[in-house]
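Peer 1: Sharing a structure, written as C-alpha cells. Questions coming.
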Amino acid sequence: MKIYQASIVPLNADAIGTAAHGTALFTLNGDQLTINIEMFDTPANLQHWEHFHGFPDGQPAEIATAAQDVNHDGFVDLPETGAVSGTTMVPFDAAPHEMNVPNDNYPVADDNGYFAYTKVVPLAALEAKFKETFNDSDLELDKRVIYIHGVTDDVDLPDTVAGAVGHYSTHVTLPIAVGKIVAL
Ligand SMILES: [Cu+2]
C-alpha cells in the first residue's frame, strides 16, 4: 500500500473573498485508488471542479501562487497555473478513470462552503486511460498538484481572466485552492 497526501492552500483568496483550504488523501492498495478530499471555506452552494494537474514529461509540478498572475489582473487563472503546474490530468468527479474533465458530476459545497469527496477508482482502468492520453501509465502522484476550482457567477472577473473550457465559463475553472501531492 502506498499513501499520498496534499495540504490544500488558498489561491485567489483576496480576489474572491474566501480562503478555501483542505486536505486530500490518496491510497493505492492493490487494484484500487481511494481518494478522500475534504474542503472548507469554498464558495458555498456551488459545484467545484477538482483534478490533479501535472507535466506529461515527468517534470514535478509545483503549486501556483500570486506570482503566477503574470498579466497582473489580480487573478491567477487556469492558463496562468500551467507554467508551474502543467496541465489538467485526472478529474475527481463521479468517474475519474474516464478522464472526462468537463462535466457536472463534481462535488457541491454546502451552505458553509464545506464538501467531502470520497471515490474508489479501479486503478488498471485509470492507468490505461492515462496511458492513452499521456502515453505513460504511471500516475506519478508525487509529481502532481491538486486543484480546486469554481466561484459563483456574481464574482466580477475581468475580461483578462482566461480559461473557459467548452461552454464552461472562467467562473467554473478559476482556481481557488491548490496543494502539492507528497508521498507519505
Ligand atoms: Cu483542475
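Peer 1: Relative to the present Cα-Cα distance, how much length would full extension add between His167 and Thr34 at 0.36 nm per residue of separation?
Peer 2: 44.9 nm is the gain from fully extending His167 to Thr34.
Peer 1: Follow-up question, since we're still on this one. If I take R0 = 30 Å and measure r between the Cβ atoms of Val70 and Asn100 in this structure, what FRET efficiency does the formula 1/(1 + (r/R0)^6) give, to the nearest 0.05?
Peer 2: 0.50
Peer 1: Still on this structure: Dipole size in debye (nearest 20) for the chain around its Cα centre, Lys and Arg Cβ +1, Asp and Glu Cβ -1?
Peer 2: Values: 7 positive and 26 negative charges, 130 e Å.
Approximately 620 debye in magnitude.
Peer 1: By counting other Cβ atoms within 10 Å of each Cβ, how are Met99, Met39 ranked from fewest to most? Each step should come with its number before you reach the end.
Peer 2: Details: Met99 19, Met39 23.
Placing the least packed residue first, the sequence is Met99, Met39.
Peer 1: If neighbour count is taken as other Cβ atoms inside 10 Å, put Phe115, Phe55 in order from fewest to most. Write down the numbers at each step before the final one.
Peer 2: Values: Phe115 22, Phe55 18.
Sorted ascending by nearby Cβ count, the order is Phe55, Phe115.
Peer 1: Say we join alpha carbon atoms closer than 10 Å with springs in a Gaussian network model of the chain; which of Leu141, Leu28, Leu11 then has the biggest fluctuation?
Peer 2: Evaluated over the chain, the most mobile residue of the options is Leu28.
Peer 1: If you find the alpha carbon centre of segment 144-173 and of segment 18-63, how far apart are they in angstrom?
Peer 2: Segment 144-173 and segment 18-63 have Cα centres separated by 17 Å.
Peer 1: Follow-up question, since we're still on this one. Between the helical axis of 123-134 and the dominant principal axis of the chain, each derived from Cα atoms, what acute angle in degrees is found, rounded to the nearest 10?
Peer 2: 60 degrees
Peer 1: When Lys and Arg each count +1 and Asp and Glu each count -1, what net charge do the other residues less than 12 Å away from Leu139, Cβ to Cβ, add up to?
Peer 2: 0
Peer 1: Ok, one more. Would you mind working out the magnitude of the charge dipole of segment 66-169 relative to its Cα centre, with +1 at each Lys and Arg C-beta and -1 at each Asp and Glu C-beta, to the nearest 20 Debye?
Peer 2: Working: 5 positive and 19 negative charges, 101 e Å.
With Lys and Arg at +1 and Asp and Glu at -1, about 480 debye.
Peer 1: Next up: How large is the helix-only mean residue ellipticity at 222 nm for the chain, computed as the sum of -39500 (n - 2.57) over DSSP H runs with n ≥ 4, divided by its residue count, in deg cm²/dmol to the nearest 500?
Peer 2: -4000 deg cm²/dmol
Peer 1: Can you give me the convex hull volume of the Cα atoms of segment 91-184, divided per residue and expressed in Å³?
Peer 2: Taking the convex hull of the Cα positions in segment 91-184, it is 138 Å³ per residue.
Peer 1: Shifting gears a bit: At q = 0.09, 0.16, 0.18, 0.19 Å⁻¹, what log₁₀ I(q)/I(0) does the chain have when each alpha carbon counts as one equal point scatterer in the Debye sum?
Peer 2: -0.28, -0.93, -1.19, -1.34
Peer 1: Next up: Once you place label points 7 Å from the Cα toward the Cβ at Gln59 and Val120, how far apart are they in nm?
Peer 2: The answer from the label model is 3.8 nm.
Peer 1: Okay, next question. Cut-off 15 Å, label point 7 angstrom out along Cα-to-Cβ of Asp156: give me the residues of segment 65-84 whose amide nitrogen falls inside.
Peer 2: Label zone hits: 74-75.
Each value in this text was obtained by applying a stated rule to the coordinates, not by laboratory testing. On a predicted model such as this, the values are computed, not experimentally measured, just so you know. Methodologically, a virtual Cβ is constructed for each residue, glycine included, from the backbone with ideal geometry; neighbour enumeration extends over all protein chains shown.
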